[in-house]
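Peer 1: Pasting in a structure now, in structure tokens, and then I'll have a few things to ask.
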Amino acid sequence: MPDFIPGLELSRSFYFEAVKPILDDKFPELKHAAGLIGPGSEVLGFDTEMSSDHSWGPRAILLLREEDQEMRPAIDDALRKNLPESFRSYSTNCGEPDPNDNGTWSLEPAEGDVNHAVQIDTLRRYLIDHLGFDIDGGIDAIDWLTFPEQKLRTLSPSNLFHDEIGVRESLDRFAWYPNDVWLYLLAAGWNRIGQEEHLMGRSGLAGDEVGSAILAARLVRDLMRLCFLMERRYAPYPKWFGTGFAHLNCAEKLIPIFSEVLSSRSWTEREAHLVSAYEIVAGMHDRLGVTDPIGADVGDFFGRPFKVVHLHGKFSEKIAERIGDATLKSLARRGPLGGIDQISDNTDLLSDPAYRVALKGLYLLP
């Protein structure tokens, strides 16, 4: 087993030292972009040695201009015939996709031409496959609500190694939500907390500590999602959700508190730690300056002995007042569903862009 090299570093070296020289020799007039975007732990910078056992290795995505897409077969053939059989002691040859493991592949020794992992595409075709969105059109508010955060996070322009066709500028369109969309998502995040924060204690008081623990875990996740939004960072997919959170500025204060919430054995212990978290996250909201200061002001839920922070919808409603976009204002008045990540954590729904057209209908009710 070769010494582990982080996948993004490996891919960058592979492109400049193995792929680009072939392109320069065989297609000297070809203008293109190259990088590593899309699925994969290495795209996020979170891969470890274990990641190298499937769909990982010397790879890259090569993006062409639309007028050059007919060159894809010739480029593919040149790479198959001219790439080295190994790079940094890793094979450059991919085995056949495993139908029993979601089509993942592993590196295998080459026998003849190299079955390489260089994806050749145009940015427009790639984004249609990845997001279900045609970049030739405008991005409206409903589009933003149906783009999964985990996919938006994998489109970072910083993962481009080379760009002479303007791909970086196109990806910059997805760098972060427009302000009104961001406000709507913040309002929806607080709304979710307001709907469940009192239920954790009520379940526990009724003797259902398991149900109380589940509700507490949901509240922790919703608070974490709010923190991603407040720090303007897309949340990664579930495997790396906590890892991504640990990179936020607020993590040092909140992770110990969340750990106490999740390890508590009684609802009263959970509540005490959640109150500490509410106070920190409410303070983060006030520092954003998107509304007048609200403050934590933790109190009982309508006289019942359950501590809450979002009584009377004070955060959600105040944020919604600042939304200017007519569509989003209307959605907020109905009751802010939020974006697709706040509505569902179903893997297929978030992964398959074919669902996006149907998902847009959720926001178009009369």
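Peer 1: Pull up the stretch 119-161, narrow it to residues that are in contact with a helix residue (DSSP H, G or I) (Cβ under 7 Å, 6 or more places away or on another chain) and in a strand (DSSP E or B), then point me to the one that is farthest from Phe228 (Cα to Cα).
Peer 2: Restricting to residues being in contact with a helix residue (DSSP H, G or I) (Cβ under 7 Å, 6 or more places away or on another chain) and in a strand (DSSP E or B), the top hit is Ile120.
Peer 1: Within the stretch 314-335, does at least one residue satisfy the condition of being part of a loop (DSSP other than H, G, I, E, B) and among the aromatic types (Phe, Trp, Tyr)? Break it down into steps so the answer makes sense when it comes.
Peer 2: Kept after step one, since they are part of a loop (DSSP other than H, G, I, E, B), are these residues of the stretch 314-335: 321-325, 335.
Now drop any that are not among the aromatic types (Phe, Trp, Tyr), which leaves none.
Checked the stretch 314-335: no residue is part of a loop (DSSP other than H, G, I, E, B) and among the aromatic types (Phe, Trp, Tyr).
Peer 1: Now, a different point. Please pick out the residue among Ile120, Ile22 that is more than 29 Å from Ser351 (Cβ to Cβ), β-branched (Val, Ile, Thr), out of contact with any Ser or Thr (no Cβ under 9 Å at 6 or more places or on another chain) and outside the structural domain of Trp240 (by TED's automatic domain parsing). Before you say what the answer is, go through the steps one by one.
Peer 2: Values: Ile120 fails: more than 29 Å from Ser351 (Cβ to Cβ).
Going through Ile120, Ile22 in turn, just one is more than 29 Å from Ser351 (Cβ to Cβ), β-branched (Val, Ile, Thr), out of contact with any Ser or Thr (no Cβ under 9 Å at 6 or more places or on another chain) and outside the structural domain of Trp240 (by TED's automatic domain parsing): Ile22.
Peer 1: Mind listing whichever residues of the stretch 280-299 are of a type in the set (A, V, I, L, M, F, W, C), more than 18 Å from Leu183 (Cβ to Cβ) and surrounded by fewer than 18 Cβ atoms within 10 Å (Cβ to Cβ)?
Peer 2: Within the stretch 280-299, the first condition is being of a type in the set (A, V, I, L, M, F, W, C), and the residues that meet it are 280-282, 284, 288, 290, 294, 296, 298.
Checking the rest, the ones that are also more than 18 Å from Leu183 (Cβ to Cβ) come to 280, 296, 298.
Scanning the stretch 280-299 gives Ile280, Ala296.
Peer 1: Let me ask something additional. May I ask you to say which residue of Asp68, Asp3, Asp77 is over 23 Å from the mean Cα position of the chain (by Cα), part of a helix (DSSP H, G or I) and farther than 23 Å from Ser170 by Cα?
Peer 2: Values: Asp68 fails: farther than 23 Å from Ser170 by Cα; Asp3 fails: part of a helix (DSSP H, G or I).
The unique qualifying residue is Asp77.
Peer 1: Here's another thing I want to ask about it. Please work out which residue is farthest from Thr291 (Cα to Cα), limiting yourself to the stretch 336-357 and to residues that are of a type outside the set (Asp, Glu), out of contact with any Leu (no Cβ under 9 Å at 6 or more places or on another chain) and in a helix (DSSP H, G or I). Break it down into steps so the answer makes sense when it comes.
Peer 2: Within the stretch 336-357, the first condition is being of a type outside the set (Asp, Glu), and the residues that meet it are 336-340, 342-344, 346-347, 349-351, 353-357.
Checking the rest, the ones that are also out of contact with any Leu (no Cβ under 9 Å at 6 or more places or on another chain) come to 346-347, 350-351, 354, 357.
Pick out the ones that are also in a helix (DSSP H, G or I) and you get 347, 350-351, 354, 357.
Numbers: Thr347: 34, Leu350: 31, Ser351: 34, Ala354: 37, Val357: 33 Å.
Among those residues, the one meeting the criterion is Ala354.
Peer 1: On to the next question. Restricting to the stretch 300-329, count the residues that are free of Cβ contacts under 8 Å to residues at least 12 places away in the same chain and under 17 Å from Pro178 (Cα atoms). Lay out the reasoning, then the answer.
Peer 2: The initial filter retains those residues of the stretch 300-329 that are free of Cβ contacts under 8 Å to residues at least 12 places away in the same chain, namely 300, 302-303, 312, 326, 329.
If we keep only those that are under 17 Å from Pro178 (Cα atoms) too, we end up with 326, 329.
Number of matching residues: 2.
Peer 1: When both residues are 6+ apart or on different chains and their Cβ atoms are under 7 Å apart, which pairs have a first residue that lies in the stretch 337-366 and is closer than 21 Å to Ser316 by Cα, and a second that is small (Gly, Ala, Ser)?
Peer 2: The qualifying pairs are Leu337/Ala188; Gly338/Ala188; Gly338/Gly189; Asp341/Ala235; Gln342/Ala188; Gln342/Gly189.
Peer 1: While we're looking at this one, here's another question. Quick one: how many residues across the stretch 200-249 are basic (Lys, Arg), under 27 Å from Thr48 (Cβ atoms) and surrounded by 15 or more Cβ atoms within 10 Å (Cβ to Cβ)?
Peer 2: Selection size over the stretch 200-249: 3.
Peer 1: For the stretch 327-345, how many residues are of a type in the set (S, T, N, Q) and more than 19 Å from Leu223 (Cα to Cα)? Before you say what the answer is, go through the steps one by one.
Peer 2: Going through the stretch 327-345, the residues of a type in the set (S, T, N, Q) turn out to be 327, 330, 342, 344.
Cutting the leftovers down to more than 19 Å from Leu223 (Cα to Cα) gives us 327, 330.
Counting residues in the stretch 327-345 that are of a type in the set (S, T, N, Q) and more than 19 Å from Leu223 (Cα to Cα) gives 2.
Peer 1: Give me the residue from the stretch 31-56 that is out of contact with any helix residue (DSSP H, G or I) (no Cβ under 8 Å at 6 or more places or on another chain) and among the acidic types (Asp, Glu) and, out of that set, modelled with the lowest pLDDT.
Peer 2: Restricting to residues being out of contact with any helix residue (DSSP H, G or I) (no Cβ under 8 Å at 6 or more places or on another chain) and among the acidic types (Asp, Glu), the top hit is Asp53.
Peer 1: Would you check if there is a residue in the stretch 112-123 being more than 21 Å from Val19 (Cβ to Cβ) and either without any contact (Cβ under 8 Å) to a residue 60 or more places away in the chain or surrounded by 21 or more Cβ atoms within 10 Å (Cβ to Cβ) (or both)?
Peer 2: Let us first name the residues in the stretch 112-123 that are more than 21 Å from Val19 (Cβ to Cβ), namely none.
No, every residue in the stretch 112-123 fails to be more than 21 Å from Val19 (Cβ to Cβ) and either without any contact (Cβ under 8 Å) to a residue 60 or more places away in the chain or surrounded by 21 or more Cβ atoms within 10 Å (Cβ to Cβ) (or both).
Peer 1: Filtering the stretch 89-111 down to residues that are within 18 Å of Pro39 (Cβ to Cβ) and polar (S, T, N, Q), which residue is modelled with the highest pLDDT?
Peer 2: Ser106
Peer 1: Please enumerate the residues belonging to the stretch 145-162 that are of a type outside the set (D, E, K, R) and under 11 Å from Ser351 (Cα atoms). Talk me through it step by step, then tell me what you get.
Peer 2: Quick first cut of the stretch 145-162, residues of a type outside the set (D, E, K, R) only: 145-148, 150, 152, 154-162.
Selection gives Phe147, Pro148, Gln150.
The values are calculated or read from the model by the stated rules, or taken from the named source; none is laboratory data. Just so it is clear, the structure is predicted and the values come from calculations on it, not from any experiment. Here Cβ is always computed from backbone atoms with ideal geometry, including for glycine, and neighbour counts include all displayed protein chains.
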